[in-house]
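The values are calculated or read from the model by the stated rules, or taken from the named source; none is laboratory data. Everything quoted here is computed from the prediction, not taken from an experiment. Reconstructed Cβ throughout: ideal geometry from the backbone, glycine too, with neighbour counts over all protein chains shown.
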Ligand SMILES: [Zn+2]
């Protein structure tokens, strides 16, 4: 079996001192590719370095996360947009992400909307897929997206099994789920409703998970086999079938990247 992590933040400080170990552990768990997402300019540069250091294994998604909008100034936004534009055609840069809207940060709502809009335009210009954070904002985001010419959409850690989910699926969007697929009723319900052809696996590391078997452990792509077996159980399929389909979805979504 081969596994993929479509959403992690490997350039986060938490991985800095143990990156070799995390990569080795991921490879040892048969993870064959991962997409390291950005929060801002600094983590974006960090991801590009990691993609260079671990070619055809660590792929980068570049963008500004809604949480980072709070401290973002005009100059940094410009520099981030420039950085992303400069990567046009770089096979290691596979998406614009992590971008989106978060209703918890309502005090910077207009600024969030402005940054999200520039990120979506960037994805249009570069013809790249987007990886979306939609905490408390799924309905709004699913309504907004069709007005952009964005090629492919991945809604990560989606936990809103309302009409937004059916609309997202009707539009051909992908959903990625992680460790909560093992223990969260809400996420398991989403997994049940999403056709396997639209599903991807993720860890969102370094986010920590407090339920077994993840409790007390550093979050790494080595968690993915647990996620795959949870999906297999929900879908009443074998882990092999699920892993194969998710690997094929990953390539369908991000491009035929893998040498394996
Ligand atoms: Zn994330």
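Can we say residue 121 is more than 13 Å from the chain's Cα centre (by Cα), in contact (Cβ under 8 Å) with a residue 12 or more places away in the chain and assigned to a helix (DSSP H, G or I)?
Details: more than 13 Å from the chain's Cα centre (by Cα): yes; in contact (Cβ under 8 Å) with a residue 12 or more places away in the chain: yes; assigned to a helix (DSSP H, G or I): yes.
The answer is yes for residue 121.
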Query raised in the report: Just wondering, is there one or more residues in the range 143-159 that are surrounded by 18 or more Cβ atoms within 10 Å (Cβ to Cβ) and without any contact (Cβ under 8 Å) to a residue 24 or more places away in the chain?
Result: yes
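Could you please find all residues in the range 170-182 being buried (at least 18 other Cβ atoms within 10 Å of the Cβ) and either closer than 13 Å to residue 200 by Cα or in contact with a strand residue (DSSP E or B) (Cβ under 9 Å, 6 or more places away or on another chain) (or both)?
The initial filter retains those residues of the range 170-182 that are buried (at least 18 other Cβ atoms within 10 Å of the Cβ), namely 173-182.
Within the range 170-182, 173, 174, 175, 176, 177, 178, 179, 181 meet the criteria.
Determine which member of the set 163, 134, 118, 181 is at pLDDT below 95 and in contact with a helix residue (DSSP H, G or I) (Cβ under 8 Å, 6 or more places away or on another chain).
On the way: 134 fails: at pLDDT below 95; 118 fails: at pLDDT below 95; 181 fails: at pLDDT below 95.
Result of the check over 163, 134, 118, 181: 163.
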**Report entry** Wholly within the range 154-225, helices (runs of 4 or more DSSP H) carrying at least 3 residues that are closer than 27 Å to residue 23 by Cβ and more than 15 Å from the ligand (Cβ to nearest atom)
**Finding:** 180-183
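On the basis of being out of contact with any strand residue (DSSP E or B) (no Cβ under 9 Å at 6 or more places or on another chain) and modelled with pLDDT of 95 or more, does residue 104 make the cut? Walk me through how you get there before you give the answer.
On the way: out of contact with any strand residue (DSSP E or B) (no Cβ under 9 Å at 6 or more places or on another chain): yes; modelled with pLDDT of 95 or more: no.
Criteria not met by residue 104.
Mind counting the residues in the range 226-245 that are part of a loop (DSSP other than H, G, I, E, B) and either in contact with a strand residue (DSSP E or B) (Cβ under 8 Å, 6 or more places away or on another chain) or without any contact (Cβ under 8 Å) to a residue 12 or more places away in the chain (or both)?
Taking the range 226-245 first, the residues part of a loop (DSSP other than H, G, I, E, B) are 236-238.
So of that shortlist, the ones also either in contact with a strand residue (DSSP E or B) (Cβ under 8 Å, 6 or more places away or on another chain) or without any contact (Cβ under 8 Å) to a residue 12 or more places away in the chain (or both) come out as 236, 238.
Count: 2.
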